[in-house]
1. Here are the criteria: (1) in contact (Cβ under 8 Å) with a residue 40 or more places away in the chain; (2) in a strand (DSSP E or B). Tell me which single one SER79 does not satisfy.
2. Identify, please: which residue in region 77-103 is β-branched (Val, Ile, Thr) and within 19 Å of the chain's Cα centre (by Cα) and is, among those, nearest to LEU14 (Cα to Cα)?
3. For region 17-39, how many residues meet the condition of being among the basic types (Lys, Arg) and either surrounded by 14 or more Cβ atoms within 10 Å (Cβ to Cβ) or in a strand (DSSP E or B) (or both)?
4. Does region 91-110 contain any residue that is open to solvent by less than 60 Å² (accessible area, probe 1.4 Å), in a strand (DSSP E or B) and without any contact (Cβ under 8 Å) to a residue 60 or more places away in the chain?
5. Step by step: first the residues of region 40-59, then only those that are in a strand (DSSP E or B) and open to solvent by 30 Å² or more (accessible area, probe 1.4 Å), then the one that is farthest from CYS111 (Cα to Cα). Which residue is that?
Amino acid sequence: MIKSESIKELLTALAKAQGKISAAKKDSTNPHFKSKYADLAACWEAIKEPLSTNGLSLTQWVTTAEKGVSVVTVLGHSSGEFMSSEATFPVKDIGNPQSMGSSITYARRYCLSA
């Protein structure tokens, strides 16, 4: 994790935002496991209002890794304070754009949910 020297204001705002965040709606179906899950859009929908109301922003940057993709997630505050983390996920067929896109969406959803 990388963070600004101080994260006091960020954590105060995050505590307020978390009090307003409810679970993302599980409105998508995984055909392989026949289970419901919250897709990336549902995860964003659950957090965007509470974050923005409290001066928080969340961005995700995607880069390629040796055998997959890396997602850098940055939580920022209007004060300039920030926290970020990076996670790498495998791509089944790195030369296939659909496989790459699927891994990117999966990685962004998991990092956002974390």
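The values are calculated or read from the model by the stated rules, or taken from the named source; none is laboratory data. On a predicted model such as this, the values are computed, not experimentally measured, just so you know. Cβ coordinates were reconstructed from backbone atoms using ideal geometry, including for glycine residues, and neighbour counts include every protein chain displayed. Accessible surface is based on the protein model in full, side chains and every heavy atom, while ligands, DNA and RNA are left aside. Shrake-Rupley method; radii C 1.70, N 1.55, O 1.52, S 1.80 Å.
1. (2)
2. Filtering region 77-103 for residues that are β-branched (Val, Ile, Thr) and within 19 Å of the chain's Cα centre (by Cα), the one nearest to LEU14 (Cα to Cα) comes out as THR88.
3. The qualifying residues number 2.
4. Scanning region 91-110, I find no residue that is open to solvent by less than 60 Å² (accessible area, probe 1.4 Å), in a strand (DSSP E or B) and without any contact (Cβ under 8 Å) to a residue 60 or more places away in the chain, so the answer is no.
5. SER57
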